[in-house]
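Asker: The structure that follows is given in the form of structure tokens.
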Amino acid sequence: MLQQLDDIIAQALALEEKYKDKLEHVHPNFRESARNLVHYRAMRSNDIRDLQVKLGYMGISRLAKAESHTMANLCITKAILQAFLNEEPLQVRPEGYLSIQEGNRLIRSNAKALLGYRSKGRRTRIMVTLPSEAADDYKMVRGLVAAGMNCARINCAHDGPEQWKKMVDNIRKASAKLKRKCRISMDLGGPKIRTGQIKPGPEVRKYRPEKDIRGRVVAPVELWIGPQPHPSMELLHVPVNYADLKKLQAGDKLYFNDARFKRREFIITEIEEEGCRAEAYRTIILESGMMLYSDRERKSTPIIVGELPPVEGTIYLNVGDLLILHKEPIPGEPAKLDKKGNILKEAHLSCTSEEAFGQVRPGDPILFDDGKIQAIVKEARPDEVVVKIKHTKQGGARLGADKGINLPASELTIRGLTAKDSKDLQFVAEYADVVNMSFVNSAADVADLIEELERLGATGRIGIILKVETQSGFNNLLEILLEGMRVHPLGVMIARGDLAIECGWDNIGRVQEEILSLCQSAHIPDIWATQVLENMAKRGIPSRAEITDAAMAQRAECVMLNKGDYILPAIHLLDTILKDMEPYQEKNAPMLPAMELADAHRKG
């Protein structure tokens, strides 16, 4: 056992020497943390489970919680074994290495520098992704801050500078009013590979009345018929020329055949300026150019339905289908079939990343829309790739525009800072507290970001969060962290959505544990992200698995919630879970408070 410990210590010192140049260039606040990170990575290059079992039998440290103070833990454990072996008093005080108290202090200090003050009663902060409505709805933003949001996330992949500035102003205003300091983090879109545009579908719209579980209509569908949408009410709009409506009165009906040639009618309920309100008691599929008649015999002058918005284009795919991805940015189309169902032309779609072409190989797996559609590369040419669909949900799946594409086994050389990122960064550097860098694959990506921040004079003034969401990002995490530690403050987001697709659903549990451990060894705060309480935020009811996931997330310095109609209850629930778990877990170390009955805590 002593020999094994000596070997690990020697490996740790050797790895420290290997990264000597990197360690000399880290920020002064990370100097000891970077050394500890290297020592921990060296220890974890060994399988020490047998050693841990033997140490456990002796009732001494199993090295299982050595992340924050690795070398000190190794040296103390070695000294204890030597004292047992030589039957002499224990005399050890590792000099020059971080103690457990110092390591924990650094984690708390770095988390505060990056994410701001924690809320009373919980160590773990809550980050919330703001919806577009946050630009114009101050009341909603104030509610988020009041509920316990410590950090607001603005995604630069959506909206634009005008909306972002309004969101920033609302957050600052709410923080000042409530006297709660809420940090602002802004997410750069990064080089995510996505599907291109698809030709829009037909100009049709479906109007459906409310029905009960037996299919009986319990409320009609309400509509607004006029040249423009209703000025104040959110009613479904049927565009028609106003002059054609002048002779209509409340109680009149408009008769027509819908897109399925089913006889249907609108009942006029109220005449207003520039239009009229109507209702329908049966499902209607309306199409641009359809004719509405004021008499049942349809002999009156028809009222022509104007241009309806086209249905968003999609491509239907099933197992065995072929799909052509091309570099040329022309709108995609579904496969064209003859009358017998034979394929005349394969479905095709553009890809937003030109760099990906030429880097994929036949046999590489390729996944679409968060892994909902799985395929394999059949042919790879410089300007197009032919893929064969291997898996979809039962009955097939529809692939839309702007959906993610993952190539987990392909060796892509796509850098992490795009031209749009560089442009957005000018706004971020001026108004945000933290910048989140998406799809960090290598230390070079981090170097690009730091160089750009230096050019903008923002280093030291703005924190950085590195999003780990690819296999390359995970495999290169040691080098990525050392490069990022050139600046302070720094954090890591475990973006579990793309990461699970890249590394495999069966690996995501292990991978997120490794990331948490490496971040703790570097005293870098980590953010537990993607699908936390997602059912709760979107539907108002959490699943049991989500509750367990949220409880496990307490080990991170921050947990991120995504937007949803029930985001306020989701924040309240997460706040309660994190506070409840605080006595039971300190980072990765389980704690043992006195046991309570199931309802005792609530009554107290």
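Asker: So for region 588-601 (the condition being at positive phi, of a type in the set (D, E, K, R) and more than 22 Å from the chain's Cα centre (by Cα)), does at least one residue qualify? Give the steps one after another, and end with the answer.
Answerer: Within region 588-601, the subset at positive phi is none.
The answer is no, given that none of the residues of region 588-601 is at positive phi, of a type in the set (D, E, K, R) and more than 22 Å from the chain's Cα centre (by Cα).
Asker: If you go through region 232-254, how many residues are without any contact (Cβ under 8 Å) to a residue 12 or more places away in the chain and of a type outside the set (Ser, Thr, Tyr)? Explain how you work it out, then say what you get.
Answerer: Taking region 232-254 as the starting set, the residues that turn out to be without any contact (Cβ under 8 Å) to a residue 12 or more places away in the chain are 232-234, 243, 246.
Then drop every residue that is not of a type outside the set (Ser, Thr, Tyr), which leaves 233-234, 243, 246.
Total meeting the criteria: 4.
Asker: Being under 30 Å from residue 332 (Cβ atoms), surrounded by fewer than 15 Cβ atoms within 10 Å (Cβ to Cβ), outside the structural domain of residue 529 (by TED's automatic domain parsing) and touching a Ser or Thr at 6+ places or on another chain (Cβ under 8 Å) narrows it down to one residue among 208, 260; which is it?
Answerer: Values: 260 fails: touching a Ser or Thr at 6+ places or on another chain (Cβ under 8 Å).
208 is the lone residue from the list that is under 30 Å from residue 332 (Cβ atoms), surrounded by fewer than 15 Cβ atoms within 10 Å (Cβ to Cβ), outside the structural domain of residue 529 (by TED's automatic domain parsing) and touching a Ser or Thr at 6+ places or on another chain (Cβ under 8 Å).
Asker: Something else now. How many residues, within region 508-532, are closer than 24 Å to residue 373 by Cα and touching a helix residue (DSSP H, G or I) at 6+ places or on another chain (Cβ under 8 Å)?
Answerer: 7
Asker: Search region 1-20 for residues that are in the same structural domain as residue 42 (by TED's automatic domain parsing) and at pLDDT 95 or above and pair each with any residue that is among the aromatic types (Phe, Trp, Tyr) and in a helix (DSSP H, G or I) when their beta-carbon atoms are under 9 Å apart and the residues are at least 6 apart or on different chains.
Answerer: 12/40
Asker: What helices (runs of 4 or more DSSP H) lie completely within region 1-87 and have 2 or more residues being polar (S, T, N, Q)? Walk me through it before giving the result.
Answerer: Values: elements: 2-18, 20-24, 31-43, 49-57, 70-86.
Per the criteria, 2-18, 31-43, 70-86.
Asker: Mind checking whether some residue in region 81-95 is modelled with pLDDT of 90 or more, of a type outside the set (D, E, K, R) and within 17 Å of residue 39 (Cα to Cα)?
Answerer: no
Asker: Taking residue 387 as the residue in question, decide whether it is surrounded by 23 or more Cβ atoms within 10 Å (Cβ to Cβ) and either within 22 Å of the chain's Cα centre (by Cα) or closer than 14 Å to residue 188 by Cβ (or both). Full working, then the answer.
Answerer: Numbers: surrounded by 23 or more Cβ atoms within 10 Å (Cβ to Cβ): yes; either within 22 Å of the chain's Cα centre (by Cα) or closer than 14 Å to residue 188 by Cβ (or both): no.
Spelling it out, it is not the case that residue 387 is surrounded by 23 or more Cβ atoms within 10 Å (Cβ to Cβ) and either within 22 Å of the chain's Cα centre (by Cα) or closer than 14 Å to residue 188 by Cβ (or both).
Asker: Considering each residue of region 408-430, count those that are at pLDDT below 90 and either in a loop (DSSP other than H, G, I, E, B) or of a type in the set (Ser, Thr, Tyr) (or both), and give that number. Before you say what the answer is, go through the steps one by one.
Answerer: Taking region 408-430 as the starting set, the residues that turn out to be at pLDDT below 90 are 408-419.
Now drop any that are not either in a loop (DSSP other than H, G, I, E, B) or of a type in the set (Ser, Thr, Tyr) (or both), which leaves 408-418.
Looking only at that region, the number is 11.
Asker: Let me ask another. I'd like the residue in region 503-517 that is of a type in the set (S, T, N, Q) and within 21 Å of residue 479 (Cα to Cα) and, out of all such residues, is surrounded by the fewest Cβ atoms within 10 Å (Cβ to Cβ).
Answerer: We begin by selecting, within region 503-517, every residue of a type in the set (S, T, N, Q); these are 507, 512, 517.
From what is left, the residues that are within 21 Å of residue 479 (Cα to Cα) are 512, 517.
Numbers: 512: 22, 517: 19.
Top of the filtered list is 517.
Asker: Would you confirm whether any residue within region 491-500 is assigned to a helix (DSSP H, G or I), crowded, with 24+ Cβ neighbours inside 10 Å and in contact with a Pro (Cβ under 9 Å, 6 or more places away or on another chain)?
Answerer: Scanning region 491-500, I find no residue that is assigned to a helix (DSSP H, G or I), crowded, with 24+ Cβ neighbours inside 10 Å and in contact with a Pro (Cβ under 9 Å, 6 or more places away or on another chain), so the answer is no.
Asker: Only residues in region 480-493 that are small (Gly, Ala, Ser) count as the first member; pair them with residues that are assigned to a helix (DSSP H, G or I), Cβ under 6 angstrom, at least 6 apart or cross-chain, and list the lot.
Answerer: 484/446; 491/114
Asker: Could you grab the pairs with beta carbons closer than 9 Å, sequence gap of 6+ or different chains, first residue in region 425-451 and in the same structural domain as residue 469 (by TED's automatic domain parsing) and free of Cβ contacts under 8 Å to residues at least 40 places away in the same chain, second one among the aromatic types (Phe, Trp, Tyr) and not in a helix (DSSP H, G or I)?
Answerer: Every condition considered, the pairs that remain are 445/439.
Asker: A follow-up question, please. In region 230-274, which residues are outside any strand (DSSP E or B), modelled with pLDDT of 90 or more and within 46 Å of the chain's Cα centre (by Cα)?
Answerer: Passing the criteria: 230, 235, 240, 241, 258, 259, 260, 261, 262.
Asker: Also, quick follow-up: Just to be sure before I move on: is residue 534 closer than 24 Å to residue 498 by Cα, in the same structural domain as residue 131 (by TED's automatic domain parsing), within 18 Å of the chain's Cα centre (by Cα) and surrounded by fewer than 24 Cβ atoms within 10 Å (Cβ to Cβ) in the structure I sent? Full working, then the answer.
Answerer: Working: closer than 24 Å to residue 498 by Cα: yes; in the same structural domain as residue 131 (by TED's automatic domain parsing): yes; within 18 Å of the chain's Cα centre (by Cα): yes; surrounded by fewer than 24 Cβ atoms within 10 Å (Cβ to Cβ): yes.
The answer is yes for residue 534.
Asker: Specify which of the listed residues (445, 506) is touching a strand residue (DSSP E or B) at 6+ places or on another chain (Cβ under 9 Å) and either assigned to a helix (DSSP H, G or I) or of a type outside the set (Gly, Ala, Ser) (or both). Talk me through it step by step, then tell me what you get.
Answerer: Numbers: 506 fails: touching a strand residue (DSSP E or B) at 6+ places or on another chain (Cβ under 9 Å).
Result: 445 is the single residue among 445, 506 that is touching a strand residue (DSSP E or B) at 6+ places or on another chain (Cβ under 9 Å) and either assigned to a helix (DSSP H, G or I) or of a type outside the set (Gly, Ala, Ser) (or both).
Asker: Further question on the same structure: Could you tell me whether any residue of region 57-66 is touching a strand residue (DSSP E or B) at 6+ places or on another chain (Cβ under 9 Å), crowded, with 22+ Cβ neighbours inside 10 Å and not charged (D, E, K, R)?
Answerer: The answer is no, given that none of the residues of region 57-66 is touching a strand residue (DSSP E or B) at 6+ places or on another chain (Cβ under 9 Å), crowded, with 22+ Cβ neighbours inside 10 Å and not charged (D, E, K, R).
Asker: Hey, can you tell me all the residues within region 85-126 that are within 25 Å of residue 143 (Cβ to Cβ) and in contact with a helix residue (DSSP H, G or I) (Cβ under 8 Å, 6 or more places away or on another chain)?
Answerer: Matches in region 85-126: 118, 119, 121, 122, 123, 124, 125, 126.
Asker: Here's a follow-up. I'd like to know if region 539-561 contains one or more residues that are exposed (fewer than 14 other Cβ atoms within 10 Å of the Cβ), modelled with pLDDT under 90 and not assigned by TED's automatic domain parsing to the domain that holds residue 33.
Answerer: No, the conditions are met nowhere in region 539-561.
Asker: Separate question: If I filter region 448-474 down to residues being hydroxyl-bearing (Ser, Thr, Tyr) and outside any helix (DSSP H, G or I), which single residue comes out as farthest from the chain's Cα centre (by Cα)?
Answerer: Filtering region 448-474 for residues hydroxyl-bearing (Ser, Thr, Tyr) gives 459, 470, 472.
Now drop any that are not outside any helix (DSSP H, G or I), which leaves 459, 470.
Details: 459: 25, 470: 13 Å.
This residue is 459.
Asker: Search region 398-417 for residues being more than 19 Å from the chain's Cα centre (by Cα) and not basic (Lys, Arg), and hand back the single one that is surrounded by the most Cβ atoms within 10 Å (Cβ to Cβ). Before you say what the answer is, go through the steps one by one.
Answerer: From region 398-417, those more than 19 Å from the chain's Cα centre (by Cα) are 398-399, 409-415; that's our starting set.
Among the residues that remain, those that are also not basic (Lys, Arg) are: 399, 409-414.
Values: 399: 24, 409: 15, 410: 16, 411: 10, 412: 15, 413: 11, 414: 20.
It comes out as 399.
Asker: Pull out all pairs, ordered by first then second residue, where Cβ-Cβ is under 6 Å, the residues are six or more apart or on different chains, the first lies in region 548-577 and is within 20 Å of residue 517 (Cβ to Cβ), and the second is among the aromatic types (Phe, Trp, Tyr).
Answerer: Partner pairs satisfying both residue conditions: 553/528; 556/528; 559/528.
The values are calculated or read from the model by the stated rules, or taken from the named source; none is laboratory data. In this text, all values refer to a predicted model and were calculated from it rather than measured experimentally. All Cβ positions, even for glycine, are placed from backbone atoms using ideal geometry, and neighbour counts span all protein chains on display.
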